[in-house]
Each structure stands twice: as C-alpha cells, then as structure tokens.
Amino acid sequence: MEAVTRQHFFFHDQPLRAFPAHKTIPVTIVNEVDQAVIPPNFRFVDRMVLRRGVEPAEDSFRSGCSCESDDACQYTGCLTKRKAYAYHSHGAKAGLLRSKMLNSKEPLYECHAGCSCSMSCPNRVVERGRTVPLQIFRTPDRGWGVHAQAAIKKGQFVDRYYGEIITSAEADRRRTAAAFSQRKDVYLFALDKFTDPDSLDARLRGPPLEVDGEFQSGPTRFINHSCEPNLRIFARVGDHADKHIHDLALFAIRDIPRGEELTFDYVDGVMTGDLAGMEEQEAHGEMAKCLCGSRKCRGYLW
C-alpha cells in the first residue's frame, strides 16, 4: 500500500514540473479521496496560448503611459487607466481592488510592458502575477477543486484564468466534438466584455473569441462553480489595442480564510435560457445541474 501511495503522489507532481509559476509561488496537488490524477493530456501554462485565427495587435497600434513615476500613474489621470483608480495604493489595503470596482462588473485597465512606469507601479497588480500559494485537491463529489494555502483579503488578486484563445467557430467545433457539450462549456469563457456591433475595431464587432482551459491552463482551471462564490472574474486590459484578447482575472469578493475552497460563479449570476422552460429542458437532459450546495444554489449551471 505504501508503494502505491508514493506512486500516486509522484504522478501528481509530474504535471507541475514544467510550470514556471510553481517555482516561485507554490502550487500543490493532493488527492485523499480516490486514485484519480490530473489528466495526462493536461498541461499547466502561465500565459494565454493564441491559436489559429487569433492575432495580437500590430506594434504600430500599441501604446502605453508616459508617466514620469509610479506615483504619477496613481494620481495624474494615467492614460492606461482611463482615470479609473481601481486599486488602493497605500497602507494595509495597498494592492487591493477598491470596493466600488469589486461590486461592479467594470473592466480593469492596467499599466503594462509598453508603459514607462516600473513593475512596482500600483496599477500593475494583475501584471505582477499570482502571489497566493494554491492547492488543487480532490473533492468527494465535484472532481477537483482549489483552495488557498494562505488567507486571502477581500479585493486581493488571486490569479488569471489561462487557456487557448480560439475563434468562435473553433469553439463551436470543439463543443460539437466533445462527448458532452455541457461539460465542455465548463472550460470555455467568451471574451465578450468589449463586443460591440458598432465598434470601430472590426475585431470587436463580430463573435467574440473564447478561452478554452480544458487541456492547457493554470490552477484556476480547477476552481469549481458556486452560486454563492468567494471570487469574481473581471476583464483586465493591458494594452488597449488588445481588448479582443483581454485577461480574465479572479479577485476575492470577501475575506477568505486559509483552506476554504475557492469558487466563482461561472455565469456571474446570469442564468441562460428561459427560467419558465427549465423543467422541459431538464426532461430532455439539456440543463446542467449545480452541485455547489450553497444556500443560494440556483439548482442549475445553465
């Protein structure tokens, strides 16, 4: 039995060995429930993977702030932020998302590699990356889950949701090819925050690109849904020319003690479909049941 256990944890360690972010801020994997391991066809990545038909903006369209100091980015109407001061910059709340932003669904505009400020700029919270050690663990009834190995403050950045950025047509193809389309939808997130049929940017007028985290992603890929979550996902923009491939950043919406499972609402409180038609859809197996078990559980994911 001891040999089996050692082999079991050896397989857990394998997927993380090539994951750069694991070496600075640890990610661990543990299973005390069964003999399941991370799928062998899954690869941990710490950046978005652009697939065919997805292109970043040309260099000639890129721009950044020209603030003379990091403090200038916070106090002088930095071009990048559009005068939206998203983060606290001083004191015990430094780096935390302000309540007015946390309670909204507004996008976050940050400084980036094209800006003149340093990496210490108070407007580079997501840019600096994850600072929270995470553990992926096996749940008794919902597959894998994630909890933090340290307490998280309300408004604190946790991590980005990474994956393959694909076209809408490719996303539809993958849904069709999946054995269960509802299961595939768990890993697909539309980058539709800036979609606008009247936009001057042709890339924002059509169907939005989608992020597929099923086979390539970071630890947030294993975070479960809850109808009463402790995290919220925000659209985060660095260079404004790349709005079509914006980041998906997860922030804590309340204080989270160490060891509590991390969750976010996969549909952010919006039920897709006609509520009156739920029973009929369920009868045909078209509704995905929710297993979050929270007091506010809606009963279905979508």
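The values are calculated or read from the model by the stated rules, or taken from the named source; none is laboratory data. Quantities reported herein were computed from a predicted structural model and do not represent experimental measurements. Positions of Cβ are generated from backbone atoms using ideal geometry, with glycine treated the same way; all protein chains shown enter the neighbour counts.
Among the residues of region 93-109 satisfying the criterion of being assigned to a loop (DSSP other than H, G, I, E, B) and within 18 Å of His244 (Cα to Cα), which is modelled with the lowest pLDDT? Taking the candidates together, the pick is Lys105. The criterion of at least 2 residues that are in contact with an Asp or Glu (Cβ under 9 Å, 6 or more places away or on another chain) and under 16 Å from Arg221 (Cβ atoms) is met by the following strands (runs of 3 or more DSSP E) wholly inside region 110-176: 134-138, 144-148, 164-166. The residues listed here are Pro219, Pro208, Pro197; of these, the one that is without any contact (Cβ under 8 Å) to a residue 12 or more places away in the chain and not hydroxyl-bearing (Ser, Thr, Tyr) is Pro197. Could you say whether any residue in region 253-262 is under 13 Å from the mean Cα position of the chain (by Cα) and either assigned to a loop (DSSP other than H, G, I, E, B) or surrounded by fewer than 22 Cβ atoms within 10 Å (Cβ to Cβ) (or both)? Yes, region 253-262 contains a residue that is under 13 Å from the mean Cα position of the chain (by Cα) and either assigned to a loop (DSSP other than H, G, I, E, B) or surrounded by fewer than 22 Cβ atoms within 10 Å (Cβ to Cβ) (or both).
Restricting attention to region 21-32, does a residue exist that is surrounded by fewer than 13 Cβ atoms within 10 Å (Cβ to Cβ), at pLDDT below 80 and not basic (Lys, Arg)? Scanning region 21-32 turns up at least one residue that is surrounded by fewer than 13 Cβ atoms within 10 Å (Cβ to Cβ), at pLDDT below 80 and not basic (Lys, Arg). Return a yes/no flag: does region 142-149 have any residue that is under 20 Å from the mean Cα position of the chain (by Cα) and among the polar types (S, T, N, Q). The answer is yes; a qualifying residue exists. Here Ile38 fulfils each of the conditions (1) assigned to a loop (DSSP other than H, G, I, E, B); (2) at pLDDT below 85; (3) surrounded by 18 or more Cβ atoms within 10 Å (Cβ to Cβ) apart from (2).
Only residues that are small (Gly, Ala, Ser), closer than 16 Å to Arg138 by Cα and under 20 Å from the mean Cα position of the chain (by Cα) were counted across region 21-56, and they come to 0. For region 201-215, what are the residues that are surrounded by fewer than 20 Cβ atoms within 10 Å (Cβ to Cβ) and not in a loop (DSSP other than H, G, I, E, B)? Those that are surrounded by fewer than 20 Cβ atoms within 10 Å (Cβ to Cβ) and not in a loop (DSSP other than H, G, I, E, B): Ala202, Arg203, Leu204, Arg205.
Applying the criterion of being polar (S, T, N, Q) and in contact (Cβ under 8 Å) with a residue 60 or more places away in the chain to the residues of region 104-137, the residue that is farthest from Ile233 (Cα to Cα) is Gln135.
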